[in-house]
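The values are calculated or read from the model by the stated rules, or taken from the named source; none is laboratory data. These numbers come from a predicted model, not from an experiment. When we count neighbours, we look across all protein chains shown, and the Cβ atoms used for this are built from the backbone with ideal geometry, even at glycine. Protein only, heavy atoms only, side chains kept; ligands, DNA and RNA dropped before computing areas. Shrake-Rupley method; radii C 1.70, N 1.55, O 1.52, S 1.80 Å.
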Amino acid sequence: MLNVVIFGAPGSGKGTQSEKLIEKYGLKHVSTGDLLRAEIKGKSQLGQMAESYMSKGQLVPDEVVIGMLEGLVQRNGHVKGFIFDGFPRTLAQGEALDAMLTKYNEKVNVVLSLEVEDEELIVRLLKRGEISGRSDDNRETIESRLRVYYNQTAPLKDFYEEQGKLVRIPGQGSIDDIFASMATVLDRITV
Ligand code: AMP
């Protein structure tokens, strides 16, 4: 399996680039944000609980997100690999992901970290809010999500750097150029 974590702040282009990577490499896309939004849409209990965090730009508790992923990984043992988008977001989630994959003799092969300046992130997210109508793409929630990113999520970079898995990708420029940088990294990995 080729297991890729696509890492970066909100608005760094994780979703956009994931779509392109899936197409080229035939990986299974796992976006915890999408999974949570589907739960909200389906008005499930989990969705209602998650919404109370998401609307404030806070993280949904680790055990909820980890529980959601465990089943998914188990059900998809046959895929070529996963692309984890928006997960892990805390150190505990990073450790849980390693444990989950180890059970199947698998591992995270590479972490592609999209590096984008804050001002650009804010502009992108505000624009996305106008188009997609995502309720958490408003200025107040965006600021809270960025704070959460720097406090809780960014420390994972050290975690992956220590494992020699972190590759920083400049995330400003054309979508195709950014994609090409990622593809160059992935094409060098043999699994
Ligand atoms: P995203 O679509 O990845 O930007 O996620 C939107 C929101 O869903 C985040 O601001 C969090 O509230 C929640 N969320 C998504 N993924 C996670 C995760 N791995 N851990 C905790 N909360 C998450």
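Of all residues in segment 80-102, those that are farther than 16 Å from S18 by Cβ have Cβ atoms under 6 Å from Cβ atoms of residues that are open to solvent by less than 10 Å² (accessible area, probe 1.4 Å) and β-branched (V, I, T), 6 or more apart or on another chain, in M100/V73. Counting only residues that are open to solvent by less than 70 Å² (accessible area, probe 1.4 Å) and closer than 20 Å to P155 by Cα, segment 35-63 holds 5 of them.
Beta carbons closer than 7 Å, at least 6 apart along the sequence or on distinct chains, pair a first residue in segment 26-47 that is closer than 26 Å to M1 by Cβ and of a type in the set (A, V, I, L, M, F, W, C) with a second that is assigned to a strand (DSSP E or B) and within 15 Å of the ligand (Cβ to nearest atom) for L27/F82; L27/I83; V30/F82; V30/I83; V30/F84; V30/D85. Where helices (runs of 4 or more DSSP H) fall entirely within segment 1-99, those with at least 1 residues that are among the basic types (K, R) are at 14-25, 32-41, 62-75.
Scanning segment 23-34 for residues that are more than 8 Å from the ligand (Cβ to nearest atom) and either buried (at least 17 other Cβ atoms within 10 Å of the Cβ) or within 19 Å of R134 (Cβ to Cβ) (or both) yields a count of 4.
Condition check ((1) crowded, with 16+ Cβ neighbours inside 10 Å; (2) modelled with pLDDT under 95; (3) closer than 18 Å to E95 by Cα) across all residues:
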| position | (1), (2), (3) |
| --- | --- |
| S18 | yes, no, no |
| M68 | yes, yes, yes |
| L72 | no, yes, yes |
| I83 | yes, no, yes |
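What do you reckon, is V108 under 20 Å from E161 (Cβ atoms), at pLDDT 95 or above and β-branched (V, I, T)? Yes: the conditions hold for V108.
Identify all residues within segment 54-79 that are more than 16 Å from the chain's Cα centre (by Cα) and in contact (Cβ under 8 Å) with a residue 24 or more places away in the chain; write none if there are none. Scanning segment 54-79 gives S55, K56, N76, G77, V79. Annotation: K56 fulfils all but one of (1) within 16 Å of the ligand (Cβ to nearest atom); (2) under 20 Å from Q163 (Cβ atoms); the unmet one is (2). Looking at segment 103-124, can you tell me whether even one residue there is near the ligand (Cβ under 9 Å from one of its atoms), aromatic (F, W, Y) and surrounded by fewer than 19 Cβ atoms within 10 Å (Cβ to Cβ)? So far as segment 103-124 goes, no, none of its residues is near the ligand (Cβ under 9 Å from one of its atoms), aromatic (F, W, Y) and surrounded by fewer than 19 Cβ atoms within 10 Å (Cβ to Cβ). Scanning segment 120-171 for residues that are assigned to a helix (DSSP H, G or I), free of Cβ contacts under 8 Å to residues at least 60 places away in the same chain and within 30 Å of T190 (Cα to Cα) yields a count of 3.
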